[in-house]
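As structure tokens, the structure follows; a few thoughts come after it.
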Amino acid sequence: MPSVREIQAACDISSTSVVDYNLRILERQGFVRRSPDISRGLELVGTEEKGPQIETFQIPVLGSIAAGEPIPVPEAEGWRSEGSETITLPPELATRNPEELFALRVKGYSMIDALITDGDLVVLTPTSQARNGDMIAAWLPIEETATLKRFFLEGDQVRLQPENKQMDPIIVPAESVQVHGRVVGVIRRMN
């Protein structure tokens, strides 16, 4: 720690009494502690690197979802097992009920033009409804597969549109599609 004279010189203060006066104020406010018997007996109080306290919440990573051809999804019973993977999110990604959010790991490249690539995590809110253009987790019960695509209801059919110009949409009868979640955020895998 610096001495009173070193503080005076470094801060270009006119006298040591002005330094002493300000150190007493800092001591009263609890920012420093002084030991009168030691020449360099100045100690900062409460300087642990805590940073701003941000309220966060954890959500489960329930498995993988295809961003390409649909792939089978693991059984729901295993999703919330003890020791399952979770991720911590900031409050900006919270919806009305952040405890309902879940994440899926993306496999494939069909959403690359939406800046979602293999290995990224998509954060979803559970819903069975979708509007045209929503990015959803779609369950195709006949094939027992799930896929991540944009949803478009066109008459009695649903077009599951990839965000990759090199891939074709999946077109199925509307009754053959179940919406399991709508994407509300993406966490990029950084490599």
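According to a simple spin-label model (label point 7 Å from Cα along Cα-to-Cβ), what is the distance in nm between I38 and I187?
4.3
If each residue's Cβ is checked for other Cβ atoms within 10 Å, how do D37, D120 rank with the fewest at the top?
Values: D37 6, D120 19.
In increasing order of surrounding Cβ atoms, one gets D37, D120.
If you stretched the chain out fully between Q166 and T88, how much longer would it get, using 0.36 nm times the residue separation minus the C-alpha to C-alpha distance? Working shown, then result.
Values: separation 78, 0.36 × 78 = 28.08 nm, distance 3.39 nm.
Full-extension gain reported as 24.7 nm.
Kirkwood hydrodynamic radius (Cα pairs, Å) of region 4-44? List each step's numbers first, then the result.
Working: mean 1/r = 0.0956 Å⁻¹.
Hydrodynamic radius (Kirkwood, Cα pairs) of region 4-44 is 10.5 Å.
Assuming R0 = 22 Å, can you tell me the calculated FRET efficiency for the pair D113 and Q157, based on Cβ-Cβ distance, to the nearest 0.05?
Computed FRET efficiency for D113 and Q157 comes out at 0.45.
None of the figures in this text is laboratory data; all of them are computed from the coordinates on show. Just so you know, these numbers come straight off a predicted model, no measurement behind them. Backbone-built Cβ (ideal geometry, glycine too); neighbour counts: all protein chains shown.
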